[in-house]
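To start, the structure itself, in structure tokens.
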Amino acid sequence: MQQLIESIGKYLLAVVSPLIEHPDTAELRVAQTEDGESVRFRLLLDQGDVARVIGRNGMTASAIRSLAKAAGEKQGIKVVVHILSREEA
């Protein structure tokens, strides 16, 4: 389980970093339910970078979430990815 969480976290940061202007300030927070059936990733970015990651009509964010969700489903774990600005967190 921990290995899966680390892999998804690395994937999220690797995919998002080239898209944003301030990759050094990107922060990933992970929360796991007590039963271990789901994991929530909160990607905290600068306000201007959030729009870059979400993309037109949310297509970029949707693709990022879909791949993370698929990785979790292979292991029977529900994965949720939230993309937020630091001000919203």
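Shown in residue order for segment 45-51 are the 3J(HN,Hα) couplings computed by the Karplus curve 6.51 cos²θ - 1.76 cosθ + 1.60 at θ = phi - 60°: 10, 5, 3, x, 7, 4, 4 Hz (x for Gly and Pro). The value of relative contact order for the chain, using C-alpha pairs under 8 Å at least six residues apart, is 31 percent.
Considering only DSSP beta bridges where both residues belong to the chain, give the percentage that are antiparallel (nearest 5). Of all bridge pairs located within the chain, approximately 45 percent are antiparallel. About its Cα centre, the dipole of the chain is roughly 320 debye, where the only charges are +1 on Lys and Arg Cβ and -1 on Asp and Glu Cβ. Each of Ser66 and Val15 was given a label point 7 Å from its Cα along the Cα-to-Cβ line. The distance between the two points is 1.0 nm. Taking the Kirkwood radius as Rh and the Cα radius of gyration as Rg, segment 1-45 has a ratio of Rg/Rh equal to 1.02.
Given the Cα-Cα distance of Gln2 and Thr25 and 0.36 nm per residue of separation, how much length would full extension add, in nm?
Numbers: separation 23, 0.36 × 23 = 8.28 nm, distance 2.40 nm.
Fully extending the segment from Gln2 to Thr25 adds 5.9 nm.
To put it simply, the accessible area of the chain at a 1.4 Å probe is 49 percent carbon and sulfur.
The values are calculated or read from the model by the stated rules, or taken from the named source; none is laboratory data. Quick caveat, the model's predicted, so the values are computed rather than measured. As a convention, Cβ positions derive from the backbone with ideal geometry for all residues, glycine included, and neighbour counts pool all protein chains shown. Only protein heavy atoms, including side chains, enter the accessible area calculation; ligands, DNA and RNA are left aside. Shrake-Rupley method; radii C 1.70, N 1.55, O 1.52, S 1.80 Å.
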